[in-house]
1. So for the pair B:Glu77, A:Gln41, with labels modelled 7 Å out along Cα→Cβ, what separation do we get in nm?
2. Work out the P(r) tail for region A:33-88: percent of alpha carbon pairs separated by more than 13 Å, whole number.
3. Can you tell me the alpha carbon radius of gyration of region A:19-113 divided by the globular rule-of-thumb value 2.2 N^0.38 Å?
4. Calculate, in nm to one decimal, what A:Gln17 and A:Ser65 gain on full extension: separation in residues at 0.36 nm each, minus their alpha carbon distance.
5. Please state, to two decimals, what the Cα-based radius of gyration of the protein assembly as shown comes to when divided by 2.2 N^0.38 Å (N = residues).
6. Once the Cα gyration tensor of region A:1-72 is found, what semi-axes does its equivalent ellipsoid get, as square roots of 5 times the eigenvalues, in whole Å, sorted largest first?
7. Any idea what % of Cα-Cα pairs in region A:62-113 are farther than 18 Å?
8. Charges on Cβ only, +1 for Lys and Arg, -1 for Asp and Glu, centred on the Cα centroid of chain B; of B:Pro99, B:Trp34, B:Ser83, which one is farthest towards the dipole's positive end?
Amino acid sequence: KAGVTQTPRYLIKTRGQQVTLSCSPISGHRSVSWYQQTPGQGLQFLFEYFSETQRNKGNFPGRFSGRQFSNSRSEMNVSTLELGDSALYLCASSLGESGETQYFGPGTRLLVL
Amino acid sequence: GQNIDQPTEMTATEGAIVQINCTYQTSGFNGLFWYQQHAGEAPTFLSYNVLDGLEEKGRFSSFLSRSKGYSYLLLKELQMKDSASYLCAVSPPGGSYIPTFGRGTSLIVHP
């Protein structure tokens, strides 16, 4: 089975721009979660999508949004980028039940200048 | 809410044994995950403990005490490639399906 894939792997943007990141989960997985990872804050949960619906949401501003398509692929969008948005963005897929293991993609490293 | 504590950094010698502790205080608990993350890479699953006790998987073992809110990851016969960050994550009971991650313990293995 193919693992979780994320595109692009690296991205450089400037303040005020917007960015869209993509995640393809493991085949058969219906849950996709997004995390932001920075050295200072660790792994912070952004949101989770299950069957095209946002099921859980972390404490991030509305500039961070996402969606999930019928094939379970998910996109995350960040508008009006700020310097502090520079981070590794990870997506993780799972079957979507409590206690199920999450499998992470390689991440997208975003640098905002 | 969830509060998860683990040491920031540990060092150990190649061939030795190291124990990485994780304590948690949570409003609900289903189980505890351990993940390994090499620098610049994605976290990879190591173990998931639901019941009290020790589970062994090759050189890695994970222990859980639900009553004490405590877990540890034991790494034996350390190798240089074990240098990585180790994340513990608490899985809440049904409803919220999202584990809460600790900040991770950076393990440095030296010759």
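Read the figures in this text as sums done on the coordinates, not as results from a lab. Given the structure is predicted, the values throughout are model-derived calculations rather than measurements. As a convention, Cβ positions derive from the backbone with ideal geometry for all residues, glycine included, and neighbour counts pool all protein chains shown.
1. Output for this residue pair reads 4.1 nm.
2. Values: 925 of 1540 pairs.
The answer is 60 percent, as a whole percent.
3. Details: Rg = 12.6 Å, N = 95, 2.2 N^0.38 = 12.4 Å.
That ratio works out to 1.01.
4. 15.8 nm
5. Numbers: Rg = 17.5 Å, N = 224, 2.2 N^0.38 = 17.2 Å.
That works out to 1.02 for the protein assembly as shown.
6. Numbers: eigenvalues 90, 47, 35 Å².
Ellipsoid semi-axes (Å, largest first): 21, 15, 13.
7. Details: 574 of 1326 pairs.
Within region A:62-113, distances greater than 18 Å cover 43 percent of Cα pairs.
8. The one lying farthest along the dipole's positive direction is B:Pro99.
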